[in-house]
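The structure appears below as structure tokens.
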Amino acid sequence: MAASQIRLLTLVAILAAWELVARSGLLYQEVVPSLLKIAAAFVRMLFEKDTWRHFGVTAWEVGAGLAAGYLLGLAFGLAAGTRRFFGAAVAPYVDGVATAPKIVFLPIVMLLVGTGIGSKLALGALSAFFPVAINTAASVRQVDPVLVRVGRSFRLSRWQMATRIYVPALRPSLVTSLRLGFGLAVVGVLLAEIKLSNAGLGFLANEHYSNFRVADLYAVLVLIFVVAVGLNSLMSRFAERRNQRICS
């Protein structure tokens, strides 16, 4: 059985189990609404202008936060991977902070950049930074030493070593880092929007929750899930094609 068929069967099983629980009466029906109610709320939401306004705010915050976190993480990872002393010195602290939930840094972010859009961008960038930095540093250490020696024999500068030796050798892992950073940037931005925002999908979901519009809440979550999975799949396919071209 193909992987796509297994995924489809898994999705059907999850949806069937959800509908069974919704109709069984085991849980309060408004907490686990039927799929028809969620579908109706989702379709209605797609035709509301406010939905796309909130979507645009979140998309911009995630995109800007991801770009900042990715570039900073890439630069930090290159430095930590190519400079063993620096990498060994910062590794325990980076690994420790990376495992902490980034929402704990929200009060500090608020003090530094305020409660406006900057706080959402900062938390998104912070969330994306660590997986990119750690993955890049680990990938740099696995670059073929022959390539590094060739670059040094030609007396390439640090910038030339990074752009002509390391980055081309890291192409497969760059997309992997982007996928990891994207997922965590989405989480960071949505958490910040839920806590302190008047726009964005996180704010919209929290508003539905506060007014106990559960079907509408699930509709927002479905929209987030569909967009996130779709973009992640596109990045995965892009990475596979790049790897096939490199191997061929």
Scan of region 58-98 for residues that are surrounded by fewer than 21 Cβ atoms within 10 Å (Cβ to Cβ) and in contact with a Leu (Cβ under 6 Å, 6 or more places away or on another chain), ordered by number:
Ala64
Going through region 177-194 one residue at a time, which ones are of a type in the set (A, V, I, L, M) and more than 15 Å from Ala67 (Cβ to Cβ)?
Val187, Leu190, Leu191, Ala192, Ile194
Every residue in region 181-198 that is hydrophobic (A, V, I, L, M, F, W, C) and modelled with pLDDT under 85, please.
Leu196
Selection status of Ala100, out of contact with any strand residue (DSSP E or B) (no Cβ under 7 Å at 6 or more places or on another chain), under 30 Å from Asp144 (Cβ atoms) and at pLDDT below 90:
no
Those residues that are surrounded by 19 or more Cβ atoms within 10 Å (Cβ to Cβ) and acidic (Asp, Glu), I need them from region 176-220; list them, please.
Glu193, Asp216
What are the residue pairs meeting all of these: first residue in region 112-125, first residue farther than 12 Å from Val186 by Cβ and at pLDDT below 80, second residue not in a helix (DSSP H, G or I) and not hydroxyl-bearing (Ser, Thr, Tyr), Cβ atoms under 8 Å, and 6 or more apart or on different chains?
Thr115/Leu196
Can you tell me how many residues in region 160-212 are part of a loop (DSSP other than H, G, I, E, B), touching a residue at least 40 places away in the same chain (Cβ under 8 Å) and farther than 23 Å from Leu121 by Cα?
1
Among the residues of region 133-158, count how many are of a type outside the set (A, V, I, L, M, F, W, C), outside any loop (DSSP other than H, G, I, E, B) and touching a helix residue (DSSP H, G or I) at 6+ places or on another chain (Cβ under 6 Å).
4
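Could you say whether any residue in region 142-162 is among the hydroxyl-bearing types (Ser, Thr, Tyr) and under 20 Å from the mean Cα position of the chain (by Cα)?
no
Of all residues being among the hydroxyl-bearing types (Ser, Thr, Tyr) and within 29 Å of Ala199 (Cα to Cα) in region 1-59, which is modelled with the lowest pLDDT? Just the residue, please.
Of everything passing the filter in region 1-59, Ser34 is modelled with the lowest pLDDT.
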Identify all residues within region 30-57 that are surrounded by 14 or more Cβ atoms within 10 Å (Cβ to Cβ) and out of contact with any Phe, Trp or Tyr (no Cβ under 9 Å at 6 or more places or on another chain); write none if there are none.
Ala39, Ala40, Met45, Thr51, Phe55
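The values are calculated or read from the model by the stated rules, or taken from the named source; none is laboratory data. In this text the structure is predicted, and so the values were computed from the model without any measurement. Cβ coordinates were reconstructed from backbone atoms using ideal geometry, including for glycine residues, and neighbour counts include every protein chain displayed.
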